[in-house]
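**Q** Here you go, one structure.
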């Protein structure tokens, strides 16, 4: 029987999801914990890779097992898992759907604060830039769904089989004090480093280092950047993974102080001036 497991995690202590040698990953911790509960080796297949120190408010993986159990697996897993990983749901599925390949949409959010705040440390990215041009950043973000080739938003595009991504939406939000930003992007897929490179370009636009026109030139492939720079990892969250057969809500409370509650944020739109 195949099961889909819905989890969330604080990624600060991990080198991302995927198991690697000599470093701690979320996959390793999950596989060790599930194998310990069942007393046999279990392999967990995740919905995708997250970079080191990146968080997930919603993440899915699947595993196969031909055992019947009478205990509360969700409760038992949460007891053996560390405090920075939580299991929300364990869902039996018919057939052999794949946690990675059958996902039809993924949504990420990136949180920024522009002043030092010890309570946001590790949960949001600090960029001490209080005078960002938010309207220009918004204009650039709105361009993203118009293009599909994100080769120039990847450090090693030649290593990918495909650099085409269908971006469905990209939005920028700000709080009332305009000292915190939230960038949201949804796509059918993402390539490695893509979102953090986009965020860094948006910050460059906000600081006046890059123009909206130049940003679009990169999207079109007309302008090749001299170097690829990337935003800090700890501001990035995987927040939503959608399947044709599974569409669970993300709890806004799981973000902690990096809240994504709608009442806290307003979308950046065109100025009426």
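**Q** Taking the Cα atoms only, what angle lies between the long axis of helix 194-207 and the longest principal axis of the chain, rounded to 10 degrees?
**A** Taking Cα atoms only, the helix is inclined about 30 degrees.
**Q** A further question follows. Let me know the Rg and Dmax you get for the stretch 46-101 when you use only its Cα atoms, in Å.
**A** 13.0, 36
**Q** Working from the alpha-carbon coordinates of the chain, get Rg over Rh, Rh being the Kirkwood radius.
**A** Here the Rg-to-Rh quotient is 0.99.
**Q** Just the Kirkwood number for the stretch 172-262, please: inverse of mean 1/r across all distinct Cα pairs, in Å, one decimal.
**A** 15.4 Å
**Q** Another question, then. Looking at the calculated P(r) for the stretch 2-93, what percent of the C-alpha pair distances fall above 17 Å?
**A** Of the Cα pairs, 43 percent sit more than 17 Å apart.
**Q** Rg (Å, one decimal) plus Dmax (Å, integer) for the alpha carbons of the stretch 78-222?
**A** 17.7, 53
**Q** Do you know the relative contact order of the stretch 73-211, to the nearest whole percent, from alpha carbon pairs under 8 angstrom that are 6+ apart?
**A** It comes to 26 percent, rounded to a whole number.
**Q** Would you work out the relative contact order for the stretch 2-93, in percent, from Cα pairs under 8 angstrom that are 6 or more residues apart?
**A** After rounding, I find 45 percent.
**Q** Top mean-square fluctuation among 221, 122, 235, Gaussian network model of the chain, C-alpha springs under 10 Å?
**A** Among 221, 122, 235, the largest GNM mean-square fluctuation belongs to 221.
**Q** Okay, next question. Mind checking the angle between helix 134-143 and the chain's longest principal axis? C-alpha axes, 0 to 90 degrees, to the nearest 10.
**A** 60 degrees
**Q** Follow-up. Can you compute the helix-only [θ] at 222 nm over the chain? Use -39500 (n - 2.57) per DSSP H run of at least 4 residues, normalise by all residues, nearest 500 deg cm²/dmol.
**A** Helices in the chain give a 222 nm mean residue ellipticity of -6000 deg cm²/dmol.
**Q** Hey, in the GNM for the chain with a 10 angstrom Cα cutoff, which one of 175, 13, 72 fluctuates hardest?
**A** Evaluated over the chain, the most mobile residue of the options is 72.
**Q** Report the extension gain between residue 266 and residue 229 in nm, rounded to one decimal, defined as 0.36 nm multiplied by the number of residues separating them, less their alpha carbon distance.
**A** 10.5 nm
**Q** Can you give the angle from 0 to 90° between the axis of helix 26-38 and the longest principal axis of the chain, with both taken from C-alpha atoms, to the nearest 10?
**A** 20 degrees
**Q** Mind ordering 144-156, 53-65 by average Cβ neighbours within 10 Å, highest first?
**A** By packing density, highest mean first, the sequence is 53-65, 144-156.
**Q** Give me the percent relative contact order of the stretch 91-157, please, defined on Cα pairs under 8 angstrom at least 6 residues apart.
**A** With pairs under 8 Å counted, the relative contact order is 19 percent.
Since every read-out is calculated from the coordinates, none of them should be taken as a lab result. Please read these numbers as outputs of a predicted model, since none were measured by experiment. Neighbour counts run over all protein chains shown; Cβ positions are idealised from the backbone, glycine included.
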